[in-house]
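The values are calculated or read from the model by the stated rules, or taken from the named source; none is laboratory data. Predicted model only: the values in this text are computed from it and were never measured. Heads up, the Cβs are rebuilt from the backbone with ideal geometry, glycines too, and the neighbour counts pull from every protein chain shown. We work out accessible area using only protein heavy atoms, side chains counted, and drop any ligands, DNA or RNA first. Shrake-Rupley method; radii C 1.70, N 1.55, O 1.52, S 1.80 Å.
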Amino acid sequence: MNAIASPLARLRWPRFNLWHVIFWLVMLGGLYAAYTRFLHGLGAATHLSDQFPWGLWIGFDVLCGVGLAAGGFTLAAIVHIFNIERYKAILRATILTAFLGYLLVIVALLFDLGRPYRIWHALIMWNPRSVMFEVAWCVMLYTTVLALEFAPAVLERFGWQTPLRWLRAVSIPLVIAGVILSTLHQSSLGSLYLIVPHKLYPLWYSPLLPLFFFLSAMCVGFAMVVFESWHSSRAFGRQLELPLLASMARVLAVLLGVYLLLRFVDLRHRDVLGLVVVPRLETWLFWLEILLMLVPMLLLFRRTVRLSPGALYASAVMVIFGFVAHRLNVSVTGMEAGSGTSYLPKWTEVMVTLAIIALGFAVFRFVAKNFPVFPEESPRPLPAPAAGD
Amino acid sequence: MSKSKAILYDTTLCVGCRMCEQACAERWGLLYDDTIAKEEKLSEHKLTAVVTIGERFNRRLCMHCEEPTCESVCPVGALEKTALGPVVYHEDRCIGCRYCMLACPFQVPAYEWSKALPRVKKCDLCYERQQAGLQTACSEICPTNATISGDRDELIAEARRRLAENPENYYPRIYGIEEVGGTSVLILSAVPFEELGLRADLPREALPVLTWRALSLVPDIVGVGTVLLGGIWWITHRREEVAAAEGKEKKS
């Protein structure tokens, strides 16, 4: 830029790159969508209807958001319960993702609930027969647990020793509570759909929905750890913990196998296996979802794939997409025919979702830069560059 | 149980005059005009709707299930099956999650989509009129007695009497006796129910049991999970202790 005496040039402009531009455009769009949603109601901001009351915000932001945060409980159990210490290096980043994931799920809920200011009602107005009641309590309790699990990073940063000692004293009960709450929560998101046997397409409706949601959440938990490690290593110039991730990928491959096998065993037991060849939209999207889990499973059984950062990353991304496809199939695709309607999100719905994702990335970046999220590594590039990935 | 109120709607007597729609709108203070009359579906401004199927009519309204799905799924207990029969909505509790709308097997609850602070809208079987011993607004106005209200037991007996006396006029079943555990709205028809757009594929057992089977496992998961995880932690860290102790012995 020409720096001679132009008053504009003397100002210190923040350095923009393409990602910044996209980020602020998305945030702007999200802001407009929020304005529409909160001033003119759900009808103006969404394509939801009486026939189709749950759309993208529940199907993606909540169902997938919670699932993508599953790395938190999976890794916490591995490190603290199974005592496999070597994974500690990536634990904090995973806990942070899970914590942010849950906070963003709550943000999404505030958009989706018709009366968001009453979100606390489940605290005092109980209905233990409701799956949604269980979901509400799990979200509240597990978000608290995640906050406490991540708190040491903040406390270390400011050197507050006393609360740190307290947290260490309760760390094991906290981890156990976290794993159990996650188990309950991941599965109960599947249980939500047990009540709609008359609406959900038989390729997805199963009494085993809670189990499938739990297993696929564990799969995506591992995939998210790979995904996050890969991105963090690039963004922060860190070494990729390849041996760790490779051995984790073995577990992921086995889990995917169990999950896929159970899916088909379940179809056979419910006598609907024939539906997998019926030519209709549901079938194609079913196979998309299955293949996005099957292909990475086959890949990850190969040593060369597990030890190649690129291939490992690609497999993890496929699992993540497969997981998202399953959640959207249950919540949108599978519900359309039974509801006698079709649903495509309005652009404002998409905008809110994108803004929430963008916010997640930005906050993660900020926290990872300013708090001890990653273990100290021999010469860590400090200070981190102001902009750019 | 015998005191439980209900509606019997005999589609063979219905002439599609829509006076029930009008009386219902009046009772709720909702706008009712020709345009709305032509909308043959339930919505925030139409809590009952007469649907034309060829030469026949079918009236849609909340079925007031004996074991309501909506009541079981509501996280904050905003829907309640009263002892009197009506399923009522406690607006001040509702958080707007719309799970009731998703779960209702009859796709009844409607939402005020255009409002910034929306409510769920559905028929409440004229709860306060029933409490005062009056019949519902729709049955009071019905000129052909296609809709009548009364005690559920008596209405079932009345329906059975009609089926027995004029079997040639009726499809030989009463809709609402068994569907999802029974409903407080009973329907008679000349043709199979699905021809009137009623779901004939619903299970006889009330739906809440489906989620309850999973929910009732929660205490087990908490109990077994805690012991299992605690145990694994104890075992894995015990190994460490042993290893540390052995290491010390060798050194000394």
statement: Among strands (runs of 3 or more DSSP E) entirely inside region B:4-92, those with 3 or more residues being of a type in the set (A, V, I, L, M) are B:5-10, B:49-53
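Give the residue, chosen from A:LEU167, A:LEU192, that is touching a residue at least 24 places away in the same chain (Cβ under 8 Å), assigned to a helix (DSSP H, G or I) and either hydrophobic (A, V, I, L, M, F, W, C) or farther than 21 Å from A:LEU260 by Cβ (or both).
A:LEU192
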- prompt: Quick check: anything in region B:88-95 of a type in the set (A, V, I, L, M, F, W, C) and within 10 Å of chain A (Cβ to nearest Cβ)?
  reply: yes
query: Mind checking which pairs have a first residue in region B:115-128 that is hydroxyl-bearing (Ser, Thr, Tyr) and a second that is surrounded by fewer than 24 Cβ atoms within 10 Å (Cβ to Cβ) and assigned to a strand (DSSP E or B), Cβ under 9 Å, 6 or more apart or different chains?
result: B:TYR127/B:VAL88
message: Anything in region B:63-81 that is open to solvent by less than 10 Å² (accessible area, probe 1.4 Å), at negative phi and not aliphatic (A, V, I, L, M)? List them, or say none.
response: B:PRO68, B:THR69, B:SER72, B:PRO75
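Go through region A:291-346 and count every residue that is among the β-branched types (Val, Ile, Thr), more than 14 Å from chain B (Cβ to nearest Cβ) and surrounded by fewer than 19 Cβ atoms within 10 Å (Cβ to Cβ).
3
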- request: From B:ARG239, B:ARG199, B:ARG204, grab the single residue that is within 13 Å of another protein chain (Cβ to nearest Cβ), part of a helix (DSSP H, G or I) and either loosely packed, with under 12 Cβ neighbours inside 10 Å or under 17 Å from the mean Cα position of the chain (by Cα) (or both).
  value: B:ARG239
query: Which condition number in (1) open to solvent by 20 Å² or more (accessible area, probe 1.4 Å); (2) facing chain A (nearest Cβ under 10 Å); (3) modelled with pLDDT of 95 or more is the one that B:ALA116 fails?
result: (3)
message: If B:LEU186 meets every condition in (1) in contact (Cβ under 8 Å) with a residue 24 or more places away in the chain; (2) open to solvent by 40 Å² or more (accessible area, probe 1.4 Å); (3) not in a helix (DSSP H, G or I) apart from one, which number is that one?
response: (2)
query: Could you say which residue among A:ILE78, A:ILE90 is more than 17 Å from A:VAL352 (Cβ to Cβ), within 14 Å of another protein chain (Cβ to nearest Cβ) and modelled with pLDDT under 95?
result: A:ILE78
One residue from B:GLY230, B:GLY247 being more than 30 Å from A:TYR205 (Cβ to Cβ), within 10 Å of chain A (Cβ to nearest Cβ) and over 40 Å from the mean Cα position of the chain (by Cα): B:GLY230
- prompt: Any idea how many residues of region A:84-130 are within 24 Å of the chain's Cα centre (by Cα) and acidic (Asp, Glu)?
  reply: 1
